[in-house]
Structure formats: structure tokens, C-alpha cells
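Below you'll find the structure, written out as C-alpha cells, and then a few comments.
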Amino acid sequence: MKPSSGVAKWLLWGVLTLFGLAGITALPSAAQVPPEKEAGWQSDVSGLRHFTGLRCPDVIGPFYRIKVIEGDATSLAGCIYTGRDGMTAVLRQHLQETGRREALKFSRNYKAAGFEPVKLSGASATGISFRTRNWTATALYETLWYFSGNNADFTLWLSYTLPSQEGEIGPTIAAFTQALTQQN
């Protein structure tokens, strides 16, 4: 028994839809443009590069890039990385000579939200740190560092728990600082 042409078309459409082929057309539509490219990101040898010059490698130390961020008024672009045990890092590029202002804005906003500023030791002591969770066995801290470059400023935001991740902060800062020295 031969299926009618209507049933055959319906079956073919179902298979194509199942495999995601039904929406393929000869000309790419705007919906098929990856969001990274639309936000100014291009593939680079070891990761992604933003048209402003920020390079976001796929891997920095023990961190893996999981997302890129569009720019705004003073933050040109950025990348989000994840590390061991939920440690998170956000690297942002800013207009030249605005990094200090971004760090002050970070501090004011966290204080206004009721987070407790803390003075830490080691590598964390060089950044602006807040305790953002203290009701569990390990307290969550967020620290922001800012760096001035030749053509832009940069901030690095890090979320980590203490005391369990204390030994990872110094190597993390060193890895991201090394990545920043390779920026254009």
C-alpha cells in the first residue's frame, strides 16, 4: 500500500522538523546569526575577539569561558568564565581611564545593597571585596580588581568561597593578569 502524497509530505516535514532541518533556507536570516557575531565577536585562534580589541581565550588558567557580554556606555565588552567548585570570573574592558570609576561604582552599589565590605589578605587584599553570603559554612566573597592598559582599562570580578578557595585566588589573578598582557 502506497501512502498518499499528503501523508508522505507530513511524515517528511515531521522528520525534518525533528532534526531541525525544516527551517533551513538558501539565504541566512537574521535569526541564524549567532548572538556573539551580532554583538561584535569573531573567532580568534584561541577563543573570541571583540571588535574593540578585547581577546577572550576559551581557557584562562583553570577557567573556561562560558559567555561573552555586550558593551554599554563605558564597558566595551566582557567575558564570563567558570572555574572549579563554582568559582566565577568576569573580565570586562572599559574605556581608557574609566577603570577606577567603575571600581568606585562597584563599591558604592554593593554598599547600597547592604553587603559588608571586608579587608582580606593575600591577592584579594589588592581588590575591593565584599562578603555576600555568610549564612552557610563557607562564606561567599566577591572581589573586583581594576587594571589600566595602554589603550583601555579592565576590571576583573571574582566570586569565590572562603576558606575553601583561598589558595586559588593568587593563581587566578596571575592567570588573568597574564591574559591581559596579551591584549592589543
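Laboratory data are not the source of any read-out in this text; all were calculated from the coordinates shown. As the structure is a computational prediction, the values presented were derived from the model and not from experiment. A quick note on method: Cβ atoms are made from the backbone with ideal geometry, for glycine too, and the neighbour counts reach across all protein chains shown.
What full-extension length gain, to one decimal in nm, is calculated for N151 and S121 as 0.36 nm per residue of separation minus the Cα-Cα distance?
Numbers: separation 30, 0.36 × 30 = 10.80 nm, distance 3.03 nm.
The span from N151 to S121 would gain 7.8 nm if fully extended.
Using DSSP to define loop residues, name the trypsin sites (Lys or Arg not before Pro) in segment 49-128 whose beta-carbon has at most 12 other beta-carbon atoms within 10 Å. Show your work: numbers first, answer last.
Numbers: sites: R49, R55, R65, K67, R84, R92, R100, R101, K105, R108, K111, K119; in loops: K119.
Of the trypsin sites (Lys or Arg not before Pro), the ones in loops of segment 49-128 whose Cβ has at most 12 other Cβ atoms within 10 Å are K119.
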- Query: If we count every other residue with Cβ under 14 angstrom of Y160's Cβ, Lys/Arg +1 and Asp/Glu -1, where does the sum land?
  - Reply: -1
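For R101, what charge total do you get from the other residues with a beta carbon under 14 Å from its beta carbon, if Lys and Arg give +1 and Asp and Glu give -1? Before the final figure, lay out each step's value.
Working: positive: R92, R100, K105, R108; negative: D72, E97, E102, D153.
Cβ neighbours under 14 Å give a net charge of 0.
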- For segment 105-111, in residue order, the Karplus 3J(HN,Hα) values (coefficients 6.51, -1.76, 1.60; θ = phi - 60°; whole Hz; Gly and Pro = x) are 5, 4, 4, 4, 5, 5, 5
- Task: Return the long-range amide H neighbours of R133 (sequence gap of 5 or more, or a different chain), with a cut-off of under 5 Å between placed amide H atoms.
- Result: L140
- Item | Cut-off under 5 Å, modelled amide H: who pairs with A77 long-range | Q93
- Query: Hey, rough spin-label estimate for S164 and A137, points 7 angstrom out along Cα→Cβ, what's it come to in nanometres?
  - Reply: 0.8 nm
